[in-house]
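This report refers to the structure that appears directly beneath it.
Coordinate-derived values only; no laboratory data. Here the structure is a predicted model, which is why all the values come from computation and not from measurement. Here Cβ is always computed from backbone atoms with ideal geometry, including for glycine, and neighbour counts include all displayed protein chains.
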Amino acid sequence: MATPIPQRGAHFIRTARAVGKYARQSVHLQLRWNQVTSWLATYSVNMEERGYLAMNIERVELQRLHMPFKASFEASFGRMAKRDLVLVSVYSGDGHVGYGESTSMPYPLYNEETTETVWYMLEKFLIPKLLTADISAPEEVAELFAPIRRNNMAKAALEGAVWDLYCKQKGISLAAGLGGSKQKIDVGVSIGIEPTVDLLLKKVEGFINEGYKKIKVKVKPGFDVEPMRAIRKTFGPDVPLMADANSAYTLDHIDTLKELDEFNLIMIEQPLAHDDIIDHAKLQKELKTPICLDESIHTVEDARKAIELGSCGIINIKIGRVGGLTESKRIHDLCQKHNIPVWCGGMFETGVGRAHNIAITSLPNFTIPGDTSASNRYWVEDIVEPEVVLVEPGILAVPSEAGIGYALKPESVKKFLVHEQSYSKQSLAHVE
Ligand SMILES: [Mg+2]
């Protein structure tokens, strides 16, 4: 039997109502969904602009390298024929890798660290902290590592690799990431204690001819006034000359140190104890030559106190000694505010560490030439390509490519490799 017309009408009306309700709900839901997606898009853009998106660090690799120096040299603890270092590689899920290196020595004679302690601190504490954190910017690494006291070279090796990785992810140079704008930097050389003044003069002559912008000579009691006088007498008053004492003096030597004033040195570096800022303040009052602090400065707080006390007129920033690029930048900014010029010291870095030094030196208050020389000053073969070369006498170019701007040469790394270990979130459980 056919459905009566009124019933068919009611059915039609019910269906039409249901369709209408569904359509209204769909439009409503669609609108809500559009709102949600647009909010998510804005939020993620904002988060990215503010640097809040996680870097997605998946794996850290440590490689201990023994790199032979071009020529062995005499250090305070004996002859040094090779550099013993830890190369750090940090890998992210998006296929990028950042590099850093430790600037520690085999013996705890510059600071308390050694290559062995750096490896231990990285494996036991720093890498687990990094891999279990959700880092979105390299500045957070310094905060993450802050509860762990000192061990700055271990911290700096890993933090430096994170900085490189971050800049590669963003497609900017490490120099730009740090806020540097110089495209070229002036560099000088450091000369160890030579057996005789004549040999020293020969070295100085060679480096002046190569156009280095600063000649740093190591001094100690008994090898100070005479070599400086000989350099000034032979090469004249315009050679940019400085002395580094590596804590070899005490206030008892004040008369000798005052004699150095007549040579118009750019500075005398760390004349007194490695952990002192009080006696340096007393000495600075007696000297015309600015004192530069190296070993005494480990943090921006150390720098603040030294500046307040008048312990120095210049600060040498070594990235490893102060725990990384973030702290280096803080010290730079503080010094700039107080008209204290800074420069970047060297620790026999491979091309990786050299690239980090070049990047930090691109900041504006690095007004004194640093110690970062070309790769071939120390190495027969560096582990980066291209090698670090002077683009003009005494001048290095600041790379504009993403990150440190130098690629790692895996075949060279392999040649110098002593031991390697990889750490991931999954493998952390296996590290005792
Ligand atoms: Mg020094």
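The table below gives the values:
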{"quantity": "Listed residue pairs exceeding 31 Å between alpha carbons, taken from 124/214; 124/414; 282/318", "calculated": "124/214"}
{"quantity": "Karplus-derived 3J(HN,Hα), 6.51/-1.76/1.60, for each residue of the stretch 83-92, Hz, glycine and proline x", "calculated": "9, 10, 9, 10, 8, 10, 10, 10, 9, 10"}
{"quantity": "Helix-only CD estimate at 222 nm, as mean residue ellipticity for the chain, using -39500 (n - 2.57) per DSSP H run (n ≥ 4)", "calculated": "-12000 deg cm²/dmol"}
{"quantity": "Antiparallel bridge percentage (DSSP; both residues within the chain; nearest 5)", "calculated": "65"}
{"quantity": "Packing-based exposure ordering (other Cβ within 10 Å, fewest first) of 226, 194, 327", "calculated": "226, 194, 327"}
{"quantity": "On Cα atoms only, tilt of 300-309 relative to the major axis of the chain in degrees", "calculated": "40"}
{"quantity": "Residue 304 paired with residue 198, simple spin-label distance in nm, labels 7 Å along Cα-to-beta-carbon", "calculated": "5.4"}
{"quantity": "Length released on extending from residue 285 to residue 251, taking residue separation times 0.36 nm less the Cα-Cα span", "calculated": "11.0 nm"}
{"quantity": "Where trypsin sites (Lys or Arg not before Pro) in DSSP loops with at most 11 other Cβ within 10 Å are excluded, longest remaining stretch of the chain", "calculated": "289-432"}
{"quantity": "The chain, Cα convex hull volume normalised per residue, Å³", "calculated": "194"}
{"quantity": "Under Karplus coefficients 6.51, -1.76 and 1.60, residue-wise ³J(HN,Hα) of the stretch 175-189 in Hz, glycine/proline x", "calculated": "4, 5, x, 7, x, x, 10, 5, 9, 9, 10, 7, 10, x, 10"}
{"quantity": "Normalised contact order of the chain, rounded percent, pairs of Cα under 8 Å and 6 or more residues apart", "calculated": "19"}
{"quantity": "On Cα atoms only, tilt of 152-170 relative to the major axis of the chain in degrees", "calculated": "50"}
{"quantity": "GNM result for the chain, Cα springs below 10 Å: residue of 333, 252, 294 fluctuating most strongly", "calculated": "252"}
{"quantity": "Share of Cα-Cα pairs in the stretch 323-425 lying beyond 25 Å, as whole percent", "calculated": "28"}
{"quantity": "Acute angle (nearest 10 degrees) that the helix 225-235 long axis makes with the longest principal axis of the chain, alpha-carbon atoms", "calculated": "80"}
{"quantity": "Amide H partners (placed H, <5 Å) of residue 55, local residues excluded", "calculated": "135, 136"}
{"quantity": "Alpha-carbon centroids, the stretch 279-301 and the stretch 150-207: separation in whole Å", "calculated": "22"}
{"quantity": "Dipole in debye (nearest 20) - the stretch 87-141, about Cα centre, beta carbon charges: Lys, Arg +1; Asp, Glu -1", "calculated": "120"}
{"quantity": "Cα gyration tensor shape of the stretch 58-191, rounded if a/c is under 1.5, else prolate or oblate by comparing a/b with b/c", "calculated": "oblate"}
{"quantity": "Packing-based exposure ordering (other Cβ within 10 Å, fewest first) of 343, 163, 379", "calculated": "379, 343, 163"}
